[in-house]
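Values quoted throughout were computed directly from the atomic coordinates according to the rules given, and no laboratory measurement underlies them. All values reported here derive from a predicted model rather than from experimental measurement. Cβ placement follows ideal geometry from the backbone for every residue including glycine, while neighbour counts extend to all protein chains displayed.
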Protein chains: 2
Amino acid sequence: MISVSEAQEILSKFSNKGPIERVSFENCLNRLLAENIYADRDAPPFDRVAMDGIAIQSDQLQIRQQFIIEDIQAAGQEQKSLNKPENCLEVMTGAVLPVHTDCVIPYEKLTIKNGVARLNSTDHKAFQNTHKKGIDAKKGDQLLASGTWIHPGVKGVLATTGHTEIKVIQVPKIMICSTGDELVPITHNPLPHQIRRSNVYMLQAALKDLNIEAHTTHLPDDKDQLNASIGKLLEEYDLLMFSGAVSKGKYDFLPTVFKELGIQIHIHGVKQKPGKPFLFGTIGSKSVFGFPGNPSSTLVCFHLYFKWWYNHYLGKAPNNNYAYLNNEVTFKKPLTNHLLIKSSVEDGKILANPVANSGSGDLVHLALADGFLSLPAEKDTFKKGEIFPITFFHQTGL
Amino acid sequence: MISVSEAQEILSKFSNKGPIERVSFENCLNRLLAENIYADRDAPPFDRVAMDGIAIQSDQLQIRQQFIIEDIQAAGQEQKSLNKPENCLEVMTGAVLPVHTDCVIPYEKLTIKNGVARLNSTDHKAFQNTHKKGIDAKKGDQLLASGTWIHPGVKGVLATTGHTEIKVIQVPKIMICSTGDELVPITHNPLPHQIRRSNVYMLQAALKDLNIEAHTTHLPDDKDQLNASIGKLLEEYDLLMFSGAVSKGKYDFLPTVFKELGIQIHIHGVKQKPGKPFLFGTIGSKSVFGFPGNPSSTLVCFHLYFKWWYNHYLGKAPNNNYAYLNNEVTFKKPLTNHLLIKSSVEDGKILANPVANSGSGDLVHLALADGFLSLPAEKDTFKKGEIFPITFFHQTGL
């Protein structure tokens, strides 16, 4: 068996960068940008009025405090021009700064009466309350680098630069397969020895949180049927995820079936708890993840290994966050212990509070956790206040 | 003008808890659970085999180390029974523990030959490698409380308890309106004095990150048209968001139009930068958010005020996180300064690194930030290493 970090190293090696596709602006949120984005014009594209008020020539400030209003320059109007330097134009936020003006005085610092604006104070200077053409970026400047995650602010930049189509990394086509003859659909009333399917829905939800729409199916514990079904699924999908049937049971046919189908198994067994029987294989450009069937094992391995693989596929740096263990725990060497935790933030520090549970089969308490700490294999006592790598299951309050 | 916390207090008062609706299991992810969920059976529902191996009667451990294999108990099979106490059954993870057995010895600690299992070690005890019926929860126990956010683990619990329909808080119907005659669609080539719409797409994306699908529209800077359009939108939507036209400009008609339409304005102006002209009003059960038109102002106010309101609508506690300022900054009193930052985690601490920018109109640098620190109004120097409230714009690497 190999260690957690050895497993992750292997995954890095077998994750090829994903292909690029074009999506419409509407569909680009939470995708990974696969092109550099350049400014199509200066930002802002003109000397922009940044407050509502009047625009004047600043050198007039030494001579006068009253300005006759010549006209109004509204946002969306072509640039106007101040005719006489001793006058002013009323200007609105977002408007072009009129020709022959260089200073905006906001309404808050004015009294306007009978078409004349009088300054209430004298502390004004050139270019105040203006947003200079090109100060944020010059035409041709790179605004966004390929590899940027498209979040709301990035979508704003894509909009302002007129990108109606955007190159992004393609989302892999994923099928999630449950195995285990004890499983029945959630619509069923299980017999005493049966339980309802749940891991596939957890995985599907975890993938949806990564903006991946995956399908689910159930395969029976039958070697020939598994062989036929998986062979077909490998043609249709880029990546298969399995929950269960990768351990040492009589009906854990997956490792054998994978070999028969020509899948190269790169990982089978990791020195960790939960998730010891974790399996990873590839065939051509396709990947296969075999998660052990207990709910905690499945969810922990998904986050430790699939997300690691997916970050490489996207070309993103994997997360590397640490948190403070908030209670002493002990755990037998020599396995890496993935400790279920509920996080909180106190005074800027991420605290990890252990969630009591009855082991990797305990779905009830898994649902109360928002992530796990990976406690290293070399130690058996882990003290309150020590920091360890943290992985989050889902978007937290952070 | 009021302070940020006064504004939030007003919002709390005018946010009614959202109505409840039923959604299908497929559509419940990232919604707020509006019912308690109870166990429909014990969890696990039977004494469950937790490892692949053999099941024996533990009192036999003192007598023998060899066990004839009577049969196999697979997962998904009805419970079998051990006929003779000196024998064993092969058992698979997920199977019911057979009658007359109480101890599972995994394959790793066995040698099986000619139908006889021989123990490789003697350190075994009753109930090892079993997952006791009802240890996680008893039938009728509350598994999930109303008010729980439905993340992947929670979906797992809803699946295992057979919830095909779930009561959740209804998502408000939201329209996002841009105003400002300088704005053109993103498909257009703007004239020198025009810019493309971007704020509405940022807001729409930020809402989508909260699992709210909102619509967008553009309204011209014309008082009568605004009056007619907004009147109609108020009939159709629960909540209107505006970007722009709430300040002191000649064409900032929104506050007047709102009053004419009978909207009660509860907030107009907050002692903060950016976002000073922020407006909030209600009419009956409907709400109106007026965000100032600069990109930073819009996004900051969305997160400070709409999300605050929405947490109350959902009945969730607002986030209350702090982070370490990672560079000294100074800022003129007496406004709360929402400082754009890029966060990182170092040794379990959340660090907030200021993002240089040219002010609230600077969309380019806004896109590089992942949130903001709210620096209090009473001070003007903020030192590296001090902690301040942090708000995130989007899901971060955390």
- Note on the structure: Computed for the protein assembly as shown: size of charge dipole around the Cα centre, +1 on C-beta of each Lys and Arg, -1 on C-beta of each Asp and Glu, debye to nearest 20, value 920
- Message: Can you list the copy-to-copy distances for A:LYS259, using a point 7 angstrom from Cα toward Cβ, in nanometres, shortest first?
- Response: 8.2
- Task: Sort B:311-322, B:359-370, A:51-62, B:120-131 for me by packing, meaning the mean count of neighbouring Cβ atoms within 10 Å per residue, highest on top.
- Result: B:359-370, A:51-62, B:311-322, B:120-131
- Message: Within 10 Å of each Cβ in A:141-150, how many Cβ atoms from other chains are there, averaged over the peptide?
- Response: 2
- Task: Would you mind getting the Kirkwood hydrodynamic radius of chain A from its Cα pairs, rounded to one decimal in Å?
- Result: 25.5
- Item | Average other protein chain Cβ within 10 Å of Cβ, residues A:154-167 | 6
- What nm distances, shortest first, do you get from the label point of A:LYS379 to those in the other copies when the point sits 7 angstrom along Cα to Cβ? 3.3
- Item | Dipole of region A:321-392, positive direction: furthest Cα of A:ALA367, A:ILE350, A:TYR324, with charges on the beta-carbon | A:TYR324
- Sort A:ILE112, B:ILE195 so the one with the fewest other Cβ atoms within 10 Å of its own Cβ comes first. A:ILE112, B:ILE195
- Task: Please get the size of the charge dipole for chain B, origin at its Cα centre, with Cβ charges of +1 on Lys and Arg and -1 on Asp and Glu, quoted in debye to the nearest 20.
- Result: 680
- Query: Hull surface divided by four, with the convex hull built on the Cα atoms of the protein assembly as shown: how many nm²?
  - Reply: 35.6
- Rounded to whole Hz, the Karplus (6.51, -1.76, 1.60) HN-Hα couplings of region B:95-112, x for glycine and proline: 7, 6, 5, x, 4, 6, 10, 8, 8, 10, 10, x, 3, 4, 10, 10, 10, 10
- Note down the magnitude of the dipole of region A:130-234 about its Cα centre, charges +1 on Lys and Arg C-beta and -1 on Asp and Glu C-beta and zero elsewhere, to the nearest 20 debye. 760
- Note on the structure: Here, region B:166-322 modelled as identical Cα point scatterers in vacuum has Debye log10 I(q)/I(0) at q = 0.18 Å⁻¹ of -1.13
- Helix B:223-236 sits at what angle to the longest principal axis of chain B, using alpha carbons and giving 0 to 90 degrees rounded to 10? 20
- Amide H neighbours of A:ASP141 under 5 Å, counting only residues 5+ apart in sequence or on other chains, H built in-plane at 1.01 Å? A:ALA39
- Task: Report ³J(HN,Hα) in whole Hz for each residue of region A:239-251, in order, from the Karplus equation J = 6.51 cos²θ - 1.76 cosθ + 1.60 where θ = phi - 60°; Gly and Pro get x.
- Result: 8, 10, 10, 10, 10, x, 6, 10, 9, 9, x, 4, 10
- Task: Counting helices only, and only those DSSP H runs with n ≥ 4, report the 222 nm mean residue ellipticity of chain B as the sum of -39,500 (n - 2.57) divided by its residues, in deg cm²/dmol to the nearest 500.
- Result: -5000 deg cm²/dmol
- Query: Rounded to whole Å and sorted largest first, what semi-axes of the equivalent ellipsoid does the C-alpha gyration tensor of region B:321-392 yield via the square root of 5 times each eigenvalue?
  - Reply: 18, 16, 9
- Please give the residues of region A:65-81, grouped as numeric ranges, whose backbone N is less than 18 Å from a label point set 7 Å along the Cα-to-Cβ vector of A:THR122. A:65-67
- Query: What's the angle, to the nearest 10 degrees (0 to 90), between helix A:199-209's Cα axis and the longest principal axis of chain A?
  - Reply: 20
- Quick one: work out Rg over Rh on the C-alpha atoms of region B:69-115, Rh as Kirkwood radius. 0.93
- Message: Apply the a/c threshold of 1.5 to the C-alpha gyration tensor of region B:26-70 and tell me whether it is rounded, prolate or oblate.
- Response: prolate
- Task: Considering the options B:SER5, B:PHE67, B:PRO19, tell which one lies farthest towards the positive end of the dipole of region B:1-90, charges being +1 on Lys and Arg and -1 on Asp and Glu at the Cβ, about the Cα centre.
- Result: B:SER5
- Based solely on C-alpha atoms, express the radius of gyration and the Dmax of region B:53-197 in angstrom. 29.7, 94
- At what distance in angstrom do the alpha carbon centres of region B:295-332 and region A:236-300 lie from each other? 43
- Roughly how crowded by other chains is peptide A:348-361, in terms of the mean Cβ count from those chains within 10 Å of each of its Cβ atoms? 4
- Count charges around B:ALA377 for me, please; just the other residues with Cβ under 13 Å from its Cβ, Lys/Arg as +1, Asp/Glu as -1. +3
- Kindly give the distances from B:LEU210 to its copy-mates, label point to label point, with each label point 7 Å from Cα along Cα→Cβ, as nm values to one decimal ordered shortest first. 2.7
- Item | Cα-only radius of gyration and Dmax that characterise region B:1-117, units Å | 26.6, 87
- Work out how far the C-alpha atoms of region B:48-131 reach from end to end along every principal axis, then list the three figures in whole Å, largest first. 29, 23, 21
- If contacts are Cα pairs under 8 angstrom and at least 6 residues apart, what is the relative contact order of region B:321-392 in percent? 47
- Note on the structure: Rh_Kirkwood(region A:213-267) over Cα pairs, Å, one decimal, evaluates to 11.8
- Query: Taking the Cα centre of region B:197-340 as the origin and placing charges on Cβ (Lys, Arg +1; Asp, Glu -1), which of B:GLY275, B:LEU239, B:LEU207 is farthest toward the positive end of the dipole?
  - Reply: B:GLY275
